[in-house]
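Trainee: Take this structure first; my questions come after.
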Amino acid sequence: MERTRLGIWIALFAVLALVACGGVGYAYPSLQAATGCVQTPSPEVVPAGQYDLAVDYTKLSGDDDVKVWPIRLVGGASERAELGIAYTRFKADEGDSGRLTGVGGKYLVWMEPEDPYSLAVGAEYADLGGDLESAAGLSNITRVYAVLGKDLTPEPGIYEEPSSTRAYGYVGLMYTRAANTDTTTSTRPFIGLEMVGEGGGSLALEWKSEEFGEDVTSAVLRYQFNPTMMGQIGMTKNLGGLDVSDSHRVFVGLSYRFGLPQEEEWEW
């Protein structure tokens, strides 16, 4: 039943992404402290001197409903590097609460179109607190990753117009060290695919193998309202790789980019 519902959402997102209109899409902060899909990093960075502030909301269901607010700030440190911070608040209806505080950085070793592929390496550190620490059985998580990406948009023929939809895919490996009384380490793969329509609507899908709980799978539709504001709606599973959400949950969010050159900013 859950797979059927997720399939319907993915099909709907695909249709909306292809017919959406607006400006050209830009890289979006994942729910962790890096640019990417929903829970995986992609080989993209925020432009130098610009910053993306993103806030999302979702609700997890279990013994108690838990409201979750992921907040991220990712900034371009240079043409090839970005730094990010993330704070996620977990609040149960019964009053229990928890937090996840993280920092991260990413560097582009290769970058299209100068290179045939894009290659990024990065690291993230997250500290768990409150009731989330006891629920997940962890105190902190360190992640180190490498991700390789490629523009998959077909080249037009001699008499063909360029495609109005851009396709971009990536594949990576992530080393995770989860610490508490015992320390667990693992190295797991992840993949992502994004399709960006001519008008700026985009559909992104991801899969990530997980040590804790079920694998992460996500689908998200994003839409750029103007050069500074972008929104998203999607579904994801196993939030944060913490085994705290064993079914797909809908999330919504907004991202605001500041630091743009003045000539690129415009009103609604």
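The values are calculated or read from the model by the stated rules, or taken from the named source; none is laboratory data. The shown structure was predicted, so the numbers you read here are calculated from the model rather than taken from an experiment. Reconstructed Cβ throughout: ideal geometry from the backbone, glycine too, with neighbour counts over all protein chains shown.
Trainee: Would you check which residues across region 84-103 are assigned to a strand (DSSP E or B) and surrounded by fewer than 20 Cβ atoms within 10 Å (Cβ to Cβ) and list them?
Mentor: Result: 85, 87, 89, 91, 92, 97, 99, 101, 103.
Trainee: Of all residues in region 193-234 being in contact with a Pro (Cβ under 9 Å, 6 or more places away or on another chain) and not hydrophobic (A, V, I, L, M, F, W, C), which is nearest to residue 36 (Cα to Cα)?
Mentor: 208
Trainee: Additional query: Go through region 80-111 and give me each residue that's among the acidic types (Asp, Glu) and either farther than 28 Å from residue 150 by Cβ or at pLDDT below 95 (or both).
Mentor: Looking only at region 80-111, we keep the residues that are among the acidic types (Asp, Glu), and these are 82, 93-94, 96.
Within region 80-111, 93, 94, 96 meet the criteria.
Trainee: Right, here's the next one. Quick one: in region 198-231, which of the residues that are charged (D, E, K, R) and within 20 Å of residue 242 (Cα to Cα) is modelled with the lowest pLDDT?
Mentor: Taking region 198-231 and keeping what is charged (D, E, K, R), we get 198, 206, 208, 210-211, 214-215, 222.
Then drop every residue that is not within 20 Å of residue 242 (Cα to Cα), which leaves 206, 208, 210-211, 214-215.
Working: 206: 97, 208: 97, 210: 93, 211: 86, 214: 90, 215: 94.
Selected residue: 211.
Trainee: If you scan region 165-185, which residues turn out to be among the polar types (S, T, N, Q), in a strand (DSSP E or B) and surrounded by 14 or more Cβ atoms within 10 Å (Cβ to Cβ)?
Mentor: If the condition is that a residue be among the polar types (S, T, N, Q), in a strand (DSSP E or B) and surrounded by 14 or more Cβ atoms within 10 Å (Cβ to Cβ), then 176, 184 are the ones that fit.
Trainee: May I pose another question? Residues in region 205-264 that are over 16 Å from the mean Cα position of the chain (by Cα) and among the hydroxyl-bearing types (Ser, Thr, Tyr): how many?
Mentor: Final tally of qualifying residues: 3.
Trainee: Test of understanding: among 231, 213, 199, 241, which residue is of a type in the set (Gly, Ala, Ser) and either closer than 23 Å to residue 51 by Cβ or without any contact (Cβ under 8 Å) to a residue 24 or more places away in the chain (or both)?
Mentor: 231
Trainee: Among (1) touching a strand residue (DSSP E or B) at 6+ places or on another chain (Cβ under 8 Å); (2) under 22 Å from residue 73 (Cβ atoms); (3) outside any strand (DSSP E or B), where does residue 257 come up short?
Mentor: Going through (1) touching a strand residue (DSSP E or B) at 6+ places or on another chain (Cβ under 8 Å); (2) under 22 Å from residue 73 (Cβ atoms); (3) outside any strand (DSSP E or B) one by one, residue 257 breaks only (3).
Trainee: Further, regarding this structure: Of the residues 256, 223, which single one is touching a residue at least 12 places away in the same chain (Cβ under 8 Å) and buried (at least 17 other Cβ atoms within 10 Å of the Cβ)?
Mentor: Details: 256 fails: buried (at least 17 other Cβ atoms within 10 Å of the Cβ).
None of the other options fit; the residue is 223.
Trainee: Against the definition (touching a helix residue (DSSP H, G or I) at 6+ places or on another chain (Cβ under 6 Å), in a loop (DSSP other than H, G, I, E, B) and at pLDDT below 90), how does residue 245 come out, yes or no?
Mentor: For residue 245, the condition - touching a helix residue (DSSP H, G or I) at 6+ places or on another chain (Cβ under 6 Å), in a loop (DSSP other than H, G, I, E, B) and at pLDDT below 90 - is met.
Trainee: Among what's in region 45-83 and is of a type in the set (Lys, Arg) and exposed (fewer than 15 other Cβ atoms within 10 Å of the Cβ), pick the residue that is nearest to the chain's Cα centre (by Cα).
Mentor: It comes out as 59.
Trainee: Within the group 231, 199, which residue is surrounded by fewer than 21 Cβ atoms within 10 Å (Cβ to Cβ) and in a loop (DSSP other than H, G, I, E, B)?
Mentor: Exactly one residue qualifies, and that residue is 199.
Trainee: Among (1) buried (at least 22 other Cβ atoms within 10 Å of the Cβ); (2) in a strand (DSSP E or B), which single condition is residue 240 missing?
Mentor: (2)
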